[in-house]
Amino acid sequence: MPDTRVLVVDDERSMRELLAIMLRQAGHDVTVADGGEAAIKALKSDTFDLVITDLRMREVDGLAVLRAAKEQSPQTVVLVITAFASTETAVEAMKLGAYDYLTKPFKVDEIKLTIANALERKRLQDENQALKRQLRRERGFENFLGKSPQMLDIFETIRKAADSVSTVLITGESGTGKELVARAIHEESPRRNGPFVSINCGAVPETLMESELFGHVKGAFTGAVANTVGLFSAAAGGTLFLDEVTEVPSSVQVKLLRAIQEREIRRVGDTRDIKVDVRLIAASNREVAKAVADGVLREDLFYRLNVIPIHLPPLRERREDIPLLVAHFVRRLSAELGRPVRSVTPEALAILETYRWPGNVRELENVLHRAVVLARSPVIHLQDVPLDVAMPETGSRLGEDVGPPLREAMEQFERQYILRVLEGAGWNVSRAARLLGVHRNTILTKLSGWGIQRPGTGEGRSLSL
(Lines give C-alpha, C1' and ligand atoms only; values in the text may rest on other atoms or scores of the structure.)
Protein backbone atom coordinates (compact mmCIF):
# COMPACT_ATOMS: atom_id res chain seq x y z
CA MET A 1 0.00 0.00 0.00
CA PRO A 2 1.41 3.45 -0.91
CA ASP A 3 2.73 5.21 2.19
CA THR A 4 2.12 8.83 1.14
CA ARG A 5 -0.26 10.77 -1.08
CA VAL A 6 1.34 13.19 -3.52
CA LEU A 7 -0.24 15.80 -5.80
CA VAL A 8 1.82 16.74 -8.90
CA VAL A 9 0.84 20.05 -10.53
CA ASP A 10 2.25 21.16 -13.88
CA ASP A 11 0.69 22.38 -17.12
CA GLU A 12 3.41 20.56 -19.10
CA ARG A 13 2.34 16.97 -19.71
CA SER A 14 5.89 15.60 -20.03
CA MET A 15 6.94 17.02 -16.66
CA ARG A 16 3.77 15.72 -14.95
CA GLU A 17 4.33 12.23 -16.31
CA LEU A 18 8.04 12.22 -15.44
CA LEU A 19 7.36 13.13 -11.81
CA ALA A 20 4.36 10.78 -11.55
CA ILE A 21 6.33 7.78 -12.86
CA MET A 22 9.24 8.51 -10.53
CA LEU A 23 6.97 8.86 -7.49
CA ARG A 24 4.91 5.76 -8.26
CA GLN A 25 8.08 3.72 -8.62
CA ALA A 26 8.97 4.88 -5.11
CA GLY A 27 5.65 3.48 -3.85
CA HIS A 28 3.67 6.71 -3.49
CA ASP A 29 0.01 7.28 -4.33
CA VAL A 30 0.12 9.99 -7.01
CA THR A 31 -2.57 12.36 -8.28
CA VAL A 32 -1.82 14.68 -11.20
CA ALA A 33 -3.33 18.08 -12.05
CA ASP A 34 -2.81 19.82 -15.39
CA GLY A 35 -2.84 23.29 -13.90
CA GLY A 36 -3.47 25.44 -10.85
CA GLU A 37 -7.26 25.43 -11.15
CA ALA A 38 -7.44 21.62 -11.23
CA ALA A 39 -4.96 21.44 -8.33
CA ILE A 40 -7.04 23.72 -6.09
CA LYS A 41 -10.13 21.65 -6.87
CA ALA A 42 -8.24 18.47 -5.90
CA LEU A 43 -6.99 20.08 -2.68
CA LYS A 44 -10.56 20.95 -1.65
CA SER A 45 -11.78 17.40 -2.14
CA ASP A 46 -8.82 15.42 -0.81
CA THR A 47 -5.84 15.56 1.55
CA PHE A 48 -2.22 15.19 0.43
CA ASP A 49 1.03 14.69 2.30
CA LEU A 50 3.11 16.37 -0.42
CA VAL A 51 2.35 18.81 -3.22
CA ILE A 52 4.87 19.39 -6.02
CA THR A 53 3.83 22.37 -8.12
CA ASP A 54 5.25 24.31 -11.02
CA LEU A 55 5.45 28.06 -10.41
CA ARG A 56 4.46 29.56 -13.78
CA MET A 57 1.21 28.14 -15.14
CA ARG A 58 -1.66 29.56 -17.18
CA GLU A 59 -4.49 31.28 -15.26
CA VAL A 60 -3.65 30.01 -11.72
CA ASP A 61 0.05 29.95 -10.77
CA GLY A 62 2.01 27.86 -8.29
CA LEU A 63 1.88 30.44 -5.50
CA ALA A 64 -1.93 30.25 -5.57
CA VAL A 65 -1.65 26.45 -5.33
CA LEU A 66 0.75 26.87 -2.40
CA ARG A 67 -1.68 29.18 -0.59
CA ALA A 68 -4.59 26.80 -1.17
CA ALA A 69 -2.59 23.80 0.06
CA LYS A 70 -1.64 25.56 3.30
CA GLU A 71 -5.20 26.82 3.84
CA GLN A 72 -6.70 23.37 3.37
CA SER A 73 -4.03 21.46 5.31
CA PRO A 74 -1.21 23.37 7.04
CA GLN A 75 0.68 20.09 7.59
CA THR A 76 0.98 19.43 3.84
CA VAL A 77 4.54 19.83 2.55
CA VAL A 78 4.86 21.87 -0.67
CA LEU A 79 7.75 21.88 -3.16
CA VAL A 80 7.85 24.64 -5.78
CA ILE A 81 9.71 24.07 -9.06
CA THR A 82 10.28 26.53 -11.87
CA ALA A 83 12.36 27.25 -14.95
CA PHE A 84 12.13 31.00 -14.26
CA ALA A 85 13.84 31.36 -10.92
CA SER A 86 14.12 34.73 -9.22
CA THR A 87 15.02 35.81 -5.72
CA GLU A 88 11.70 37.61 -5.25
CA THR A 89 9.52 34.60 -6.08
CA ALA A 90 11.74 32.27 -4.05
CA VAL A 91 11.43 34.50 -0.98
CA GLU A 92 7.68 34.83 -1.42
CA ALA A 93 7.26 31.05 -1.78
CA MET A 94 9.24 30.42 1.41
CA LYS A 95 7.21 33.05 3.28
CA LEU A 96 4.02 31.29 2.22
CA GLY A 97 5.30 28.04 3.71
CA ALA A 98 7.03 26.20 0.85
CA TYR A 99 9.48 23.53 2.04
CA ASP A 100 11.91 24.15 -0.85
CA TYR A 101 12.24 25.95 -4.16
CA LEU A 102 13.89 24.02 -7.04
CA THR A 103 14.89 25.23 -10.49
CA LYS A 104 14.51 23.38 -13.80
CA PRO A 105 16.26 21.52 -15.18
CA PHE A 106 16.97 19.40 -12.12
CA LYS A 107 18.72 16.09 -11.67
CA VAL A 108 16.49 13.13 -10.82
CA ASP A 109 18.68 12.20 -7.85
CA GLU A 110 18.45 15.77 -6.60
CA ILE A 111 14.65 15.91 -6.56
CA LYS A 112 14.44 12.38 -5.13
CA LEU A 113 16.60 13.48 -2.18
CA THR A 114 14.58 16.66 -1.70
CA ILE A 115 11.31 14.68 -1.73
CA ALA A 116 12.69 12.14 0.74
CA ASN A 117 13.80 14.94 3.10
CA ALA A 118 10.45 16.69 2.78
CA LEU A 119 8.49 13.52 3.59
CA GLU A 120 10.78 12.74 6.53
CA ARG A 121 10.08 16.21 7.89
CA LYS A 122 6.35 15.60 7.46
CA ARG A 123 6.64 12.27 9.30
CA LEU A 124 8.48 13.89 12.21
CA GLN A 125 5.90 16.67 12.41
CA ASP A 126 3.05 14.16 12.46
CA GLU A 127 4.81 12.10 15.12
CA ASN A 128 5.42 15.19 17.22
CA GLN A 129 1.75 16.19 17.00
CA ALA A 130 0.65 12.67 17.93
CA LEU A 131 2.92 12.69 20.99
CA LYS A 132 1.56 16.09 22.03
CA ARG A 133 -2.01 14.80 21.71
CA GLN A 134 -1.09 11.75 23.81
CA LEU A 135 0.46 13.94 26.50
CA ARG A 136 -2.64 16.12 26.55
CA ARG A 137 -4.81 13.02 26.98
CA GLU A 138 -2.62 11.74 29.82
CA ARG A 139 -2.07 15.04 31.60
CA GLY A 140 -5.01 17.10 30.56
CA PHE A 141 -8.72 17.27 31.03
CA GLU A 142 -9.38 13.90 29.37
CA ASN A 143 -7.62 12.19 32.28
CA PHE A 144 -10.42 13.20 34.67
CA LEU A 145 -13.27 10.88 35.47
CA GLY A 146 -16.45 11.62 37.34
CA LYS A 147 -20.19 11.96 37.00
CA SER A 148 -20.96 13.36 40.44
CA PRO A 149 -22.39 16.90 40.59
CA GLN A 150 -19.26 18.11 42.44
CA MET A 151 -16.93 16.86 39.70
CA LEU A 152 -19.10 18.17 36.88
CA ASP A 153 -18.93 21.63 38.48
CA ILE A 154 -15.15 21.30 38.78
CA PHE A 155 -14.85 20.31 35.11
CA GLU A 156 -16.71 23.48 34.15
CA THR A 157 -14.50 25.62 36.39
CA ILE A 158 -11.36 24.07 34.86
CA ARG A 159 -12.59 24.95 31.36
CA LYS A 160 -13.26 28.55 32.33
CA ALA A 161 -10.05 28.94 34.35
CA ALA A 162 -7.94 27.60 31.48
CA ASP A 163 -8.93 30.52 29.25
CA SER A 164 -7.79 33.15 31.75
CA VAL A 165 -4.45 34.17 33.24
CA SER A 166 -5.85 34.54 36.77
CA THR A 167 -4.24 32.75 39.69
CA VAL A 168 -5.97 29.59 40.88
CA LEU A 169 -6.03 28.15 44.41
CA ILE A 170 -6.81 24.42 44.60
CA THR A 171 -7.72 22.95 47.98
CA GLY A 172 -8.51 19.43 49.08
CA GLU A 173 -7.24 16.53 51.12
CA SER A 174 -4.09 14.66 50.14
CA GLY A 175 -4.66 12.30 47.24
CA THR A 176 -7.63 14.13 45.72
CA GLY A 177 -5.70 15.09 42.58
CA LYS A 178 -4.72 18.72 43.04
CA GLU A 179 -1.71 18.51 40.72
CA LEU A 180 -3.85 16.76 38.10
CA VAL A 181 -6.21 19.74 38.16
CA ALA A 182 -3.28 22.13 37.82
CA ARG A 183 -1.92 20.16 34.86
CA ALA A 184 -5.36 20.03 33.25
CA ILE A 185 -5.71 23.81 33.49
CA HIS A 186 -2.27 24.21 31.91
CA GLU A 187 -2.92 21.70 29.12
CA GLU A 188 -6.27 23.30 28.26
CA SER A 189 -4.86 26.82 28.28
CA PRO A 190 -3.13 28.83 25.54
CA ARG A 191 0.09 28.21 27.51
CA ARG A 192 -0.02 24.46 26.86
CA ASN A 193 3.12 24.62 24.68
CA GLY A 194 5.05 26.32 27.47
CA PRO A 195 6.61 24.55 30.47
CA PHE A 196 4.65 23.24 33.45
CA VAL A 197 6.91 23.59 36.47
CA SER A 198 5.83 22.25 39.86
CA ILE A 199 7.33 22.45 43.33
CA ASN A 200 6.24 21.02 46.67
CA CYS A 201 6.91 23.94 48.97
CA GLY A 202 6.87 21.69 52.01
CA ALA A 203 9.83 19.71 50.67
CA VAL A 204 12.17 22.71 50.29
CA PRO A 205 14.21 23.89 53.32
CA GLU A 206 13.15 27.34 54.50
CA THR A 207 16.62 28.79 53.87
CA LEU A 208 16.56 27.70 50.21
CA MET A 209 12.97 28.63 49.30
CA GLU A 210 13.72 32.15 48.03
CA SER A 211 16.60 30.96 45.84
CA GLU A 212 14.50 28.05 44.56
CA LEU A 213 11.66 30.31 43.45
CA PHE A 214 13.53 33.39 42.23
CA GLY A 215 17.10 32.20 41.57
CA HIS A 216 20.35 33.73 42.78
CA VAL A 217 23.49 35.37 41.45
CA LYS A 218 27.02 34.12 41.91
CA GLY A 219 28.38 34.98 45.35
CA ALA A 220 24.95 35.75 46.85
CA PHE A 221 25.64 33.35 49.72
CA THR A 222 28.08 30.64 50.70
CA GLY A 223 27.97 27.95 48.05
CA ALA A 224 26.51 30.18 45.33
CA VAL A 225 29.28 29.45 42.85
CA ALA A 226 27.27 30.36 39.74
CA ASN A 227 24.18 32.25 38.63
CA THR A 228 21.06 30.10 39.01
CA VAL A 229 17.70 30.50 37.32
CA GLY A 230 14.73 30.20 39.68
CA LEU A 231 11.47 28.39 39.01
CA PHE A 232 9.66 31.60 38.03
CA SER A 233 12.13 32.09 35.18
CA ALA A 234 12.13 28.37 34.31
CA ALA A 235 8.32 28.53 33.90
CA ALA A 236 8.42 31.55 31.57
CA GLY A 237 5.62 31.35 29.03
CA GLY A 238 4.01 28.51 30.95
CA THR A 239 2.61 27.62 34.37
CA LEU A 240 4.20 27.49 37.83
CA PHE A 241 2.43 25.17 40.30
CA LEU A 242 3.12 25.80 43.99
CA ASP A 243 1.92 22.76 45.93
CA GLU A 244 1.46 23.13 49.70
CA VAL A 245 1.75 26.90 49.34
CA THR A 246 0.97 27.43 53.04
CA GLU A 247 4.44 26.00 53.77
CA VAL A 248 6.18 28.99 52.13
CA PRO A 249 8.06 30.91 54.86
CA SER A 250 6.51 34.26 55.79
CA SER A 251 9.72 36.07 54.75
CA VAL A 252 9.33 34.69 51.21
CA GLN A 253 5.55 35.26 51.08
CA VAL A 254 6.15 39.02 50.79
CA LYS A 255 8.32 38.52 47.70
CA LEU A 256 5.88 36.00 46.25
CA LEU A 257 3.10 38.57 46.65
CA ARG A 258 5.19 41.15 44.80
CA ALA A 259 5.94 38.67 42.00
CA ILE A 260 2.20 38.12 41.52
CA GLN A 261 1.29 41.82 41.69
CA GLU A 262 4.13 43.31 39.62
CA ARG A 263 4.94 40.27 37.46
CA GLU A 264 8.60 40.76 38.19
CA ILE A 265 11.15 39.09 40.47
CA ARG A 266 14.56 39.82 41.93
CA ARG A 267 17.14 37.06 42.29
CA VAL A 268 18.87 36.63 45.63
CA GLY A 269 21.91 38.91 45.68
CA ASP A 270 20.84 40.85 42.58
CA THR A 271 19.94 44.55 42.30
CA ARG A 272 17.91 44.28 39.12
CA ASP A 273 14.27 43.30 38.68
CA ILE A 274 13.38 40.76 36.01
CA LYS A 275 10.01 40.70 34.25
CA VAL A 276 8.32 37.28 34.23
CA ASP A 277 5.44 35.88 32.19
CA VAL A 278 4.05 33.05 34.33
CA ARG A 279 0.60 31.72 35.14
CA LEU A 280 0.54 30.82 38.85
CA ILE A 281 -1.49 27.96 40.34
CA ALA A 282 -1.25 27.15 44.06
CA ALA A 283 -2.60 24.28 46.16
CA SER A 284 -2.90 23.23 49.78
CA ASN A 285 -4.30 20.30 51.73
CA ARG A 286 -4.88 22.53 54.75
CA GLU A 287 -7.86 24.72 55.59
CA VAL A 288 -6.48 27.86 54.00
CA ALA A 289 -8.86 30.19 55.84
CA LYS A 290 -7.61 28.75 59.14
CA ALA A 291 -4.00 29.13 57.98
CA VAL A 292 -4.74 32.82 57.38
CA ALA A 293 -6.43 33.17 60.78
CA ASP A 294 -3.46 31.47 62.46
CA GLY A 295 -0.99 33.79 60.72
CA VAL A 296 0.59 30.98 58.72
CA LEU A 297 -0.44 32.53 55.38
CA ARG A 298 -0.53 36.25 54.72
CA GLU A 299 -4.05 37.51 54.17
CA ASP A 300 -3.08 39.73 51.23
CA LEU A 301 -1.27 36.80 49.57
CA PHE A 302 -4.34 34.59 50.13
CA TYR A 303 -6.54 37.08 48.27
CA ARG A 304 -4.06 37.22 45.39
CA LEU A 305 -3.95 33.43 45.15
CA ASN A 306 -7.66 32.82 45.67
CA VAL A 307 -8.90 34.58 42.52
CA ILE A 308 -10.32 31.32 41.15
CA PRO A 309 -10.88 28.81 43.98
CA ILE A 310 -11.30 25.10 43.24
CA HIS A 311 -12.09 22.70 46.07
CA LEU A 312 -11.70 18.98 45.40
CA PRO A 313 -14.06 16.87 47.49
CA PRO A 314 -12.75 13.73 49.21
CA LEU A 315 -13.57 10.45 47.49
CA ARG A 316 -15.97 9.44 50.29
CA GLU A 317 -18.19 12.39 49.30
CA ARG A 318 -18.50 11.30 45.67
CA ARG A 319 -18.92 7.55 45.90
CA GLU A 320 -20.84 7.44 42.62
CA ASP A 321 -17.51 8.11 40.88
CA ILE A 322 -15.80 5.06 42.37
CA PRO A 323 -16.99 2.52 39.73
CA LEU A 324 -15.68 4.80 36.95
CA LEU A 325 -12.35 5.23 38.71
CA VAL A 326 -12.06 1.49 39.41
CA ALA A 327 -12.72 0.67 35.76
CA HIS A 328 -10.17 3.26 34.63
CA PHE A 329 -7.43 2.14 37.01
CA VAL A 330 -7.93 -1.59 36.35
CA ARG A 331 -7.77 -1.04 32.61
CA ARG A 332 -4.72 1.22 32.80
CA LEU A 333 -2.79 -0.79 35.39
CA SER A 334 -3.47 -4.09 33.61
CA ALA A 335 -1.99 -2.63 30.43
CA GLU A 336 1.01 -1.10 32.21
CA LEU A 337 1.78 -4.24 34.24
CA GLY A 338 1.04 -6.75 31.49
CA ARG A 339 -1.64 -8.46 33.57
CA PRO A 340 -4.83 -10.03 32.11
CA VAL A 341 -7.14 -8.50 34.74
CA ARG A 342 -10.30 -7.13 33.16
CA SER A 343 -12.98 -6.69 35.81
CA VAL A 344 -14.03 -6.58 39.44
CA THR A 345 -16.72 -8.72 41.07
CA PRO A 346 -19.84 -6.95 42.41
CA GLU A 347 -18.88 -7.95 45.95
CA ALA A 348 -15.39 -6.48 45.66
CA LEU A 349 -16.81 -3.33 44.10
CA ALA A 350 -19.32 -3.03 46.94
CA ILE A 351 -16.46 -3.07 49.45
CA LEU A 352 -14.54 -0.46 47.45
CA GLU A 353 -17.63 1.76 47.35
CA THR A 354 -18.26 1.60 51.09
CA TYR A 355 -14.67 2.13 52.28
CA ARG A 356 -13.92 5.68 53.51
CA TRP A 357 -10.70 6.17 51.50
CA PRO A 358 -8.74 8.47 53.82
CA GLY A 359 -6.02 8.60 51.14
CA ASN A 360 -8.64 9.39 48.46
CA VAL A 361 -8.01 8.62 44.78
CA ARG A 362 -4.30 7.98 45.34
CA GLU A 363 -5.12 5.27 47.90
CA LEU A 364 -7.71 3.72 45.56
CA GLU A 365 -5.12 3.54 42.79
CA ASN A 366 -2.58 1.91 45.12
CA VAL A 367 -5.10 -0.68 46.34
CA LEU A 368 -6.04 -1.59 42.77
CA HIS A 369 -2.36 -1.73 41.78
CA ARG A 370 -1.82 -4.35 44.48
CA ALA A 371 -4.99 -6.22 43.50
CA VAL A 372 -4.06 -6.32 39.81
CA VAL A 373 -0.60 -7.68 40.62
CA LEU A 374 -1.84 -10.35 43.05
CA ALA A 375 -5.13 -11.36 41.37
CA ARG A 376 -5.23 -15.08 40.55
CA SER A 377 -7.74 -14.68 37.72
CA PRO A 378 -8.84 -12.08 35.17
CA VAL A 379 -11.37 -10.88 37.76
CA ILE A 380 -10.54 -9.14 41.04
CA HIS A 381 -12.39 -10.97 43.81
CA LEU A 382 -13.13 -10.04 47.38
CA GLN A 383 -10.13 -11.99 48.64
CA ASP A 384 -7.89 -9.83 46.40
CA VAL A 385 -8.93 -6.69 48.32
CA PRO A 386 -6.52 -5.86 51.20
CA LEU A 387 -7.78 -6.65 54.68
CA ASP A 388 -7.56 -3.04 55.87
CA VAL A 389 -9.97 -2.07 53.07
CA ALA A 390 -12.27 -5.10 53.26
CA MET A 391 -12.42 -4.93 57.08
CA PRO A 392 -11.27 -1.39 57.90
CA GLU A 393 -12.25 -1.23 61.57
CA THR A 394 -10.58 -4.57 62.33
CA GLY A 395 -7.66 -4.36 59.93
CA SER A 396 -6.60 -0.86 60.93
CA ARG A 397 -6.51 -1.77 64.63
CA LEU A 398 -4.69 -5.05 64.46
CA GLY A 399 -1.77 -4.86 66.84
CA GLU A 400 -3.25 -1.93 68.80
CA ASP A 401 -4.07 -2.21 72.47
CA VAL A 402 -7.67 -1.08 71.95
CA GLY A 403 -9.80 -2.72 69.27
CA PRO A 404 -13.40 -2.26 68.15
CA PRO A 405 -16.21 -3.54 70.34
CA LEU A 406 -16.42 -7.33 70.23
CA ARG A 407 -19.92 -7.35 68.69
CA GLU A 408 -18.82 -4.95 65.91
CA ALA A 409 -15.70 -6.97 65.15
CA MET A 410 -17.69 -10.22 65.04
CA GLU A 411 -20.30 -8.70 62.70
CA GLN A 412 -17.60 -7.49 60.33
CA PHE A 413 -15.82 -10.82 60.37
CA GLU A 414 -19.09 -12.67 59.78
CA ARG A 415 -19.95 -10.50 56.78
CA GLN A 416 -16.55 -10.88 55.14
CA TYR A 417 -16.32 -14.59 55.91
CA ILE A 418 -19.76 -15.36 54.46
CA LEU A 419 -19.07 -13.32 51.32
CA ARG A 420 -15.75 -15.08 50.76
CA VAL A 421 -17.37 -18.51 51.14
CA LEU A 422 -20.14 -17.48 48.73
CA GLU A 423 -17.57 -16.41 46.15
CA GLY A 424 -15.71 -19.68 46.61
CA ALA A 425 -18.98 -21.55 46.10
CA GLY A 426 -19.75 -19.62 42.94
CA TRP A 427 -22.65 -17.92 44.73
CA ASN A 428 -24.46 -21.20 45.14
CA VAL A 429 -26.28 -20.39 48.38
CA SER A 430 -27.17 -24.00 49.21
CA ARG A 431 -23.56 -25.10 48.75
CA ALA A 432 -22.26 -22.20 50.84
CA ALA A 433 -24.80 -22.99 53.56
CA ARG A 434 -23.54 -26.57 53.73
CA LEU A 435 -19.94 -25.34 54.00
CA LEU A 436 -20.89 -22.89 56.75
CA GLY A 437 -23.16 -25.34 58.55
CA VAL A 438 -26.20 -23.03 58.48
CA HIS A 439 -29.59 -22.97 56.74
CA ARG A 440 -29.66 -21.28 53.31
CA ASN A 441 -32.35 -18.85 54.59
CA THR A 442 -29.85 -17.59 57.15
CA ILE A 443 -27.50 -16.55 54.35
CA LEU A 444 -30.33 -14.99 52.32
CA THR A 445 -31.43 -12.98 55.35
CA LYS A 446 -27.88 -11.78 55.98
CA LEU A 447 -27.44 -10.72 52.34
CA SER A 448 -30.72 -8.84 52.41
CA GLY A 449 -29.70 -7.03 55.58
CA TRP A 450 -26.38 -6.03 54.01
CA GLY A 451 -28.10 -4.81 50.85
CA ILE A 452 -26.18 -7.26 48.66
CA GLN A 453 -27.90 -8.97 45.72
CA ARG A 454 -26.73 -12.27 44.34
CA PRO A 455 -25.16 -12.10 40.84
CA GLY A 456 -27.59 -13.19 38.17
CA THR A 457 -30.69 -11.87 39.93
CA GLY A 458 -30.86 -8.93 37.56
CA GLU A 459 -30.31 -6.46 40.39
CA GLY A 460 -26.71 -7.13 41.29
CA ARG A 461 -24.05 -4.71 40.19
CA SER A 462 -21.25 -5.85 37.97
CA LEU A 463 -18.27 -4.02 36.58
CA SER A 464 -17.28 -5.07 33.10
CA LEU A 465 -14.28 -3.38 31.59
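A few points about this structure:
- Loop-located trypsin sites (Lys or Arg not before Pro) across the stretch 153-219 with a Cβ neighbour count of 10 or fewer within 10 Å are Lys218, with loop assigned by DSSP.
- Alpha-carbon centroid distance for the pair the stretch 311-340 / the stretch 146-222, whole angstrom: 23 Å
- With every protein chain in place, the chain: carbon and sulfur % of accessible area (1.4 Å): 50 percent
- Projected area averaged over orientations for the stretch 1-99, convex hull of C-alpha atoms, nm²: 5.9 nm²
- Aspartates and glutamates whose Cα lies under 12 Å from that of Lys147, excluding same-chain neighbours fewer than 8 positions away: Glu320, Asp321
- Solvent-accessible heavy-atom area per residue, rounded to whole Å², over the chain at 1.4 Å: 52 Å²
- Greater than 29 Å apart at Cα, pairs in Lys218/Lys290; Lys44/Lys122; Lys70/Lys275; Lys255/Lys290; Lys178/Lys218: Lys218/Lys290; Lys70/Lys275; Lys178/Lys218
- Of all beta bridges that DSSP places with both ends in the chain, some 10 percent have antiparallel geometry.
- By the rule of a C-alpha distance below 19 Å, with chain neighbours fewer than 8 residues away ignored, the aspartates and glutamates paired with Lys160 are Glu142, Glu179, Glu187, Glu188.
The values are calculated or read from the model by the stated rules, or taken from the named source; none is laboratory data. Values in this document were obtained by computation on a predicted structure and should not be read as measured data. Here the Cβ is made from the backbone with ideal geometry for all residues, glycine too, and neighbour counts use every protein chain on show. SASA here: full protein model, heavy atoms, side chains in, ligands and nucleic acids out. Shrake-Rupley method; radii C 1.70, N 1.55, O 1.52, S 1.80 Å.
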